[in-house]
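S.K.: Below you will find the structure I want to go over with you.
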Amino acid sequence: MNGRFENLKYDIPASIVVFFVAVPLCLGIALASGAPLFAGIISGIVGGIVVGIASGSPLGVSGPAAGLSAVVLSSLALFNNSWETFLLAGLIAGILQVIAGMVGGGVVAYYFPSSVIKGMLVGIGIIIILKQIPYALGLDDTQSEMIVEGANGLFTPIERIMHHTQFAPAIVAVISISLLIAWESYFAPRYKICKLIQGPIVVVFLGILIAWCSENGMLPFTFKPYELVKIPVCNSFKEFYQQFYFPDFSQIFNLNVYKTAIIIALIASIETLLCVDATDKMDPLKQITPADRELKAQGLGNIVSALLGGLPITQVIVRSSANITFGAKTKLSAILHGFLILLCVLFIPSMLNMIPLATLAAILLIVGYKLAKPAQFFQMYKLGVEQFIPFVATILGIIFADLLVGIGIGMMIGIFVILRHNYRNSHEIFHYETDEKKRIHLSLAEDVSFLNKGSIIHEFRNIPAGAEVIIDFSRSKSIDHDVIEAIQDFIALAASKKIHVECIGKI
C-alpha cells in the first residue's frame, strides 16, 4: 500500500461519493434480482474490500451488476427460489473466472474496438439518466414504468410525468443538481476547502438535513417511505447474522447449477473486461489494468460473495465513473468505499435511511451527463462513418435492449467493416493498353484469405476475351486454398476465351 496514502486527500472524498452511489444500487439490484436485500449489501462490501485489494485496476470499482439481475431472477425460478442453490452456482462461477484468469482469458479485452467502448460509455450514461429521473421526481415503482422499463418509456408524454411528480423529491433534486454544478464550476476553483470536500458529500448531508427538518415538521412537505434509502436495520448480532445465507452443497451434482455457473461466469467476465477497458480510457493517467489479474480478482470476489450469501460481482461502470469523476487517484478509494458500506450498515443504518433517493439521483444525473456529453457525438462523427456507425449502433442497442446486446451489435458492425476492408484490399489490379491488346496486372496481397475469394473471382469475370493477364504472387506469404482453386479454375478456362495468363512467383 506504499504510496497510496499520499493520495488520501483525493481518495477519501471519492470513496465517500462512491459509497453513497453504491448503497442504493446494491439494494436496487438485489430487489430487481429477486434476492434478499442484504445480498446486495454483501456483494457491495466484498466488491469494495476483497476485489479492491486483489485487483490491479487503479480506479475500477466492483459490486453487484444490473446486467446480471435477469440471470439471477431466472435462475431462482429454475431452482424453485432456493437462494442457497443459486449461491452454489455463484461459487462455481467464481472458480471458473479464476481459472480463466490463470489461462490468459483476459486477452479478450484487447479485441473490443474503441468506437464500441465509447458507445458503451455514452449508452450507459443515457441509461443512468433515464433510470434516475423517476427517483428525482419522486415516482413510485408503478409510475416509474411510464419512463423507464428498459427504454420503452423513453417517449412518455411530459404531462403524464409531471402529473405524478412529488414536490419534496423534485425540489431536493433541483437544489442538489444546482449545488453540484455551482460547486464544480464556481466554489471548487476558488476555495481550497471546496476542492477537499467534494460536492456530492455536501449534497448528501444537505439531503439528510432536509429530510430531518421535514420529519420534524420544520418544512411544509414530507417524504414518503419509498422516497428515502432503505437499508435493513439489525438491532442485535443475531439479527445481523440471520441476514447471511450459505451455499447448498447438497446440490453439487445438479447439472442446472453448472449451467447457471457458466452463464454467470461468461456474462460477469465479459462485463468486467468491457468496464476495465472503458475505465482505463476514462483514467486521466491512462493506466492499464492487467486483464488476467482482474478476472482472478473478480473470481475471488464471487467466491467470497457466494460463501457469505451475496450477489454475483463484476466491475461496474457507474461506480467506476463516479470514482474517476470525483477525483480518485488509487484503488484505495474502492477499498475504503467497501469498508464504509460495512461500517455504516453495522452502526448507522438509521442515518443512511434518512438520505432522499432524489439526492443520490442528482449525483448520478451529473455522472450520466458527463458520460453522455453531446460533444462525444461530434467527436466520433469527425472520425468518419466507420467509427461513427458502430458508436451509434452500440448506444441504441444498449438503450433499447441491454448492455451485451448493444456491445454485440457494435461488434458485428465493426467486424463487417473489417470484412469490407479485407474484401477490398486483397489485391491490386492495373490495366494497360498496348498494341491494341489489353494487358492486366493483378498483384495479390501479402495475406489472402477465403474472405477475398469473391472479390478476386469478380475481377476474373470482368477480364475481356483476348487479354493478356499477369497474376503476381511475389508479395504473397499466405494464400488460402479456396483462392488458389479460384485462380486455377480461371487459368483452366482462360484458353477458351483466348486469354493468355502468366504467373509471377509460386502459387
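S.K.: For the structure I just gave you, tell me whether Ser57 is among the polar types (S, T, N, Q) and in a helix (DSSP H, G or I).
M.R.: So Ser57 does not fit the description; no.
S.K.: Closer than 23 Å to Gln132 by Cα and surrounded by fewer than 24 Cβ atoms within 10 Å (Cβ to Cβ) - does that describe any residue in region 291-307?
M.R.: Within region 291-307, none of the residues are closer than 23 Å to Gln132 by Cα and surrounded by fewer than 24 Cβ atoms within 10 Å (Cβ to Cβ).
S.K.: Then there is this: With Ser449, Ser476 as the choices, which residue is within 43 Å of the chain's Cα centre (by Cα) and either closer than 18 Å to Ile504 by Cα or at pLDDT 85 or above (or both)?
M.R.: Only one candidate passes the filter, namely Ser476.
S.K.: Now for a separate question. Tally up the residues in region 220-238 that are farther than 16 Å from Leu357 by Cα and either in a helix (DSSP H, G or I) or not assigned by TED's automatic domain parsing to the domain that holds Leu352 (or both), please.
M.R.: 2
S.K.: Could you tell me whether any residue of region 17-24 is under 11 Å from Ile335 (Cα atoms), of a type outside the set (Lys, Arg), part of a helix (DSSP H, G or I) and more than 17 Å from the chain's Cα centre (by Cα)? Step through it out loud before you land on a result.
M.R.: Applying the first criterion (under 11 Å from Ile335 (Cα atoms)) to region 17-24 yields 18-19.
Subsequent filtering for residues that are of a type outside the set (Lys, Arg) retains 18-19.
Then drop every residue that is not part of a helix (DSSP H, G or I), which leaves 18-19.
The next check asks that each one be more than 17 Å from the chain's Cα centre (by Cα); those that pass are 19.
For region 17-24, residues under 11 Å from Ile335 (Cα atoms), of a type outside the set (Lys, Arg), part of a helix (DSSP H, G or I) and more than 17 Å from the chain's Cα centre (by Cα): present.
S.K.: What's the total number of residues in region 239-271 that are outside any loop (DSSP other than H, G, I, E, B) and touching a residue at least 24 places away in the same chain (Cβ under 8 Å)?
M.R.: Summing the residues that are outside any loop (DSSP other than H, G, I, E, B) and touching a residue at least 24 places away in the same chain (Cβ under 8 Å) in region 239-271 gives 17.
S.K.: Of the residues that sit in region 61-120 and are in a loop (DSSP other than H, G, I, E, B) and under 25 Å from Gly414 (Cβ atoms), which one is modelled with the lowest pLDDT?
M.R.: Residues of region 61-120 that are in a loop (DSSP other than H, G, I, E, B), as a first pass: 61, 65, 79-82, 103-104, 112-113.
So of that shortlist, the ones also under 25 Å from Gly414 (Cβ atoms) come out as 65, 104, 112-113.
Details: Ala65: 81, Gly104: 88, Phe112: 77, Pro113: 82.
Checked region 61-120; the qualifying residue modelled with the lowest pLDDT is Phe112.
S.K.: Next question, about the same structure. Within the group Lys281, Lys286, which residue is in the same structural domain as Ala39 (by TED's automatic domain parsing) and either touching a Leu at 6+ places or on another chain (Cβ under 7 Å) or part of a helix (DSSP H, G or I) (or both)?
M.R.: Lys281
S.K.: Could you check region 403-499 for helices (runs of 4 or more DSSP H) lying wholly inside it with 3 or more residues that are of a type outside the set (Lys, Arg), closer than 28 Å to Phe388 by Cβ and touching an Asp or Glu at 6+ places or on another chain (Cβ under 9 Å)? Give the steps one after another, and end with the answer.
M.R.: Values: elements: 403-424, 453-461, 481-494.
Of the helices (runs of 4 or more DSSP H) lying wholly inside region 403-499, those with at least 3 residues that are of a type outside the set (Lys, Arg), closer than 28 Å to Phe388 by Cβ and touching an Asp or Glu at 6+ places or on another chain (Cβ under 9 Å) span 403-424.
S.K.: In region 455-473, which residues are within 21 Å of Val417 (Cα to Cα) and either modelled with pLDDT under 80 or loosely packed, with under 12 Cβ neighbours inside 10 Å (or both)?
M.R.: His458
S.K.: Conditions: (1) more than 21 Å from the chain's Cα centre (by Cα); (2) in contact (Cβ under 8 Å) with a residue 12 or more places away in the chain. Phe326 meets all but one. Number of the miss?
M.R.: For Phe326, the failing item is (1).
S.K.: Any residue that is of a type outside the set (D, E, K, R), outside any helix (DSSP H, G or I), surrounded by fewer than 16 Cβ atoms within 10 Å (Cβ to Cβ) and within 24 Å of the chain's Cα centre (by Cα) - is there at least one of those in region 387-402?
M.R.: yes
The values are calculated or read from the model by the stated rules, or taken from the named source; none is laboratory data. The structure presented is a predicted model; accordingly, all values stated were derived computationally and were not measured. As a convention, Cβ positions derive from the backbone with ideal geometry for all residues, glycine included, and neighbour counts pool all protein chains shown.
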